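**Q** Here it is, the structure in full.
Please treat every number below as a calculation from the coordinates, not as lab data. Quick caveat, the model's predicted, so the values are computed rather than measured. Cβ placement follows ideal geometry from the backbone for every residue including glycine, while neighbour counts extend to all protein chains displayed.
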Amino acid sequence: MTVAAILSGKGRDVAIVSVETSIEEAVQILAERRIGALVVADSARQILGIVSERDIVRALARSGAGGLEGTVATIMTSKVVTCSEIDTINHVMERMTEGRFRHLPVVEDGRLAGIISIGDVVKARIQQVEREADEMRAYIAMA
Ligand code: AMP
């Protein structure tokens with residue numbers, strides 16, 4: 001299964017914020033949308049960074065409630081690892097495991113085209129395993 005197949009099921013919507021977005025506002029967006037990360041991008045959807053709940057927890061650990069002051073630019077990860085639509089689930093899982101993160105923006109022609117989370121990967125993998133088991137059962141029943 002490919003990233004394109006996952007996106008066709010979940011859609012291509014990505015929660016984007018700008019570098020000027022306050023951390024407090026980012027917290028609100030994460031809570032409202034029930035997601036774990038926001039892509040920081042410019043108006044042309046070029047990726048500038050990613051900010052996840054982990055970055056916010058680190059900022060709080062460092063500075064207490066004052067950690068919520070300032071913009072996402074001060075806490076985001078600037079070097080963002082991405083994938084493309086033709087990548088496989090296995091490739092995505094490897095990237096997430098190696099990088100120890102749970103979000104992978106999808107980039108096509110230099111532009112943001114979706115995002116894959118660890119939850120999407122697990123869901124797709126379970127579907128794949130169930131489909132393989134169904135096929136195996138059908139094959140055995142035919143024999
Ligand atoms: P996460 O597991 O996605 O909540 O993120 C854990 C840490 O990795 C945070 O510091 C994120 O900013 C960072 N991070 C998340 N996704 C990526 C990515 N695709 N590329 C680089 N860093 C990332």
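**Q** Can you name the number of the only condition in (1) surrounded by 17 or more Cβ atoms within 10 Å (Cβ to Cβ); (2) more than 13 Å from the ligand (Cβ to nearest atom); (3) not polar (S, T, N, Q) that VAL92 fails?
**A** (2)
**Q** While we're looking at this one, here's another question. Got at least one residue in the range 34-41 being under 22 Å from LEU7 (Cα atoms), near the ligand (Cβ under 8 Å from one of its atoms) and not β-branched (Val, Ile, Thr)? Please lay out each step first, then the result.
**A** Residues of the range 34-41 under 22 Å from LEU7 (Cα atoms): 34-41.
Filter once more, keeping what is near the ligand (Cβ under 8 Å from one of its atoms): 36-37.
With the extra rule that they be not β-branched (Val, Ile, Thr), the set shrinks to 36-37.
Within the range 34-41, one or more residues are under 22 Å from LEU7 (Cα atoms), near the ligand (Cβ under 8 Å from one of its atoms) and not β-branched (Val, Ile, Thr).
**Q** Next up: Would you mind telling me which numbered condition in (1) surrounded by 15 or more Cβ atoms within 10 Å (Cβ to Cβ); (2) within 9 Å of the ligand (Cβ to nearest atom); (3) under 23 Å from THR2 (Cβ atoms); (4) not β-branched (Val, Ile, Thr) MET76 fails?
**A** Unmet for MET76, out of (1) surrounded by 15 or more Cβ atoms within 10 Å (Cβ to Cβ); (2) within 9 Å of the ligand (Cβ to nearest atom); (3) under 23 Å from THR2 (Cβ atoms); (4) not β-branched (Val, Ile, Thr): (3).
**Q** Please go through the range 100-143 and pick out each residue that is among the basic types (Lys, Arg) and in contact with a Ser or Thr (Cβ under 8 Å, 6 or more places away or on another chain).
**A** Going through the range 100-143, the residues among the basic types (Lys, Arg) turn out to be 100, 102, 111, 123, 125, 131, 137.
Hit for the range 100-143 is ARG102, nothing else.
**Q** Among the numbered criteria (1) touching a residue at least 12 places away in the same chain (Cβ under 8 Å); (2) farther than 27 Å from VAL129 by Cα; (3) more than 15 Å from the ligand (Cβ to nearest atom); (4) exposed (fewer than 13 other Cβ atoms within 10 Å of the Cβ), which one does ILE86 miss?
**A** (2)
**Q** Could you grab me the full set of residues in the range 1-29 that are crowded, with 18+ Cβ neighbours inside 10 Å and either part of a loop (DSSP other than H, G, I, E, B) or touching a Lys or Arg at 6+ places or on another chain (Cβ under 9 Å) (or both)?
**A** Within the range 1-29, ILE6, VAL14, ILE16, THR21 qualify.
**Q** Look through ARG111, ARG125 and report the one residue that is surrounded by 10 or more Cβ atoms within 10 Å (Cβ to Cβ), in contact (Cβ under 8 Å) with a residue 12 or more places away in the chain and within 30 Å of VAL19 (Cβ to Cβ). Outline the logic, then answer.
**A** Values: ARG125 fails: within 30 Å of VAL19 (Cβ to Cβ).
Checking each option against the conditions leaves just ARG111.
**Q** Would it be correct to say that ALA73 is closer than 22 Å to ALA26 by Cβ and free of Cβ contacts under 8 Å to residues at least 24 places away in the same chain? Please lay out each step first, then the result.
**A** Working: closer than 22 Å to ALA26 by Cβ: yes; free of Cβ contacts under 8 Å to residues at least 24 places away in the same chain: no.
Spelling it out, it is not the case that ALA73 is closer than 22 Å to ALA26 by Cβ and free of Cβ contacts under 8 Å to residues at least 24 places away in the same chain.
**Q** Here is a follow-up. Condition first: surrounded by 15 or more Cβ atoms within 10 Å (Cβ to Cβ) and of a type in the set (Val, Ile, Thr). Now tell me which residues in the range 30-69 satisfy that.
**A** ILE35, VAL39, VAL40, ILE47, ILE50, VAL51, ILE56
**Q** Right, something else. Given (1) away from the ligand (no atom under 13 Å from the Cβ); (2) touching a strand residue (DSSP E or B) at 6+ places or on another chain (Cβ under 7 Å); (3) free of Cβ contacts under 8 Å to residues at least 40 places away in the same chain, identify the lone condition not met by ARG12.
**A** It fails just one condition, (3).
**Q** Could you please tell me which pairs satisfy a Cβ distance under 7 Å, a separation of 6+ or placement on different chains, a first residue in the range 22-37 that is over 13 Å from ILE75 (Cα atoms), and a second residue that is among the charged types (D, E, K, R)?
**A** Qualifying pairs under 7 Å: LEU30/GLU53; GLY36/GLU53; GLY36/ARG102.
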